[in-house]
Amino acid sequence: MTLQNRLQQDMQAAIRERDELRRDTLRMVVAAAYNAQKQSGRELTDDEVITVLTREVKTRKESVEAFTVGGRAEAAAKEQAEIGIISAYLPEQIGADELARLVATAVDESGATSVKDMGKVMAVLMPRVKGRADGKQVSALVTQELARRDLAGHGH
């Protein structure tokens, strides 16, 4: 069963169970996937659906921050609950240690020597972490690792 079918089925189940939050969240996600599919003019692969889901989670994380800063705890909590629902369909997120190891490996493999080589490293790394780690977090770690190596290299 494709991920898109699973989302559809789970949305139908949420409608039957009168689980409004789940129903509404899945309805929004299914609509986002449908729009992406219409744009591409073909069925989406599971990887493409994961990209859509990741984007939906990212949007909600930004909303949580905005609502929290604005003192709207209830709205933030709702967005946080939606993140929980959507995240269940994403591959398991990579832990910090594992991510650091993947970053170091990608830097080695890409032959990057300075922060200017960021693109090379990201090209190697992103396919490996797609849908399993936050892009901003990944690029921050790559920048740190390149800067650390740059300093270590010039320190001799």
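All of the numbers you see were taken from the coordinates with simple rules; none came from a lab. It should be emphasised that the depicted structure is a prediction, and the values quoted were computed from it without experimental measurement. Note that each Cβ is placed from the backbone with ideal geometry, even for glycine, and that neighbours are counted across all protein chains shown.
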Under a point spin-label approximation (7 Å from Cα along Cα-to-Cβ), what is the Arg6-Lys130 distance to one decimal in nm?
1.7 nm
Any idea what Rg and Dmax come out to for the range 96-154 if you just take the C-alpha atoms, in Å?
10.4, 35
Projected onto their principal axes, the Cα atoms of the range 1-83 stretch, largest extent first, over whole-Å spans of 42, 29, 16
With Cα coordinates, the longest principal axis of the chain makes an angle with the long axis of helix 96-110, in degrees rounded to 10, of 50 degrees
Net charge around Asp47, counting only other residues with Cβ within less than 14 Å of its Cβ (Lys, Arg = +1; Asp, Glu = -1)?
+2
When the helix-only estimate is applied to the chain (DSSP H runs of n ≥ 4, each -39,500 (n - 2.57), divided by the residue count), what is the mean residue ellipticity at 222 nm, nearest 500 deg cm²/dmol?
-26000 deg cm²/dmol
Which residues make up the longest stretch of the chain that has no GluC sites (Glu not before Pro) in a DSSP loop with at most 15 other Cβ atoms within 10 Å?
93-156
Measuring from label point to label point, each 7 Å out along Cα→Cβ, what is the Ser139 to Arg27 span in nm?
3.4 nm
Coarse-grained scattering of the chain at q = 0.13, 0.15 Å⁻¹, given as base-10 log I(q)/I(0) from a Debye sum over alpha-carbon atoms:
-0.74, -0.89
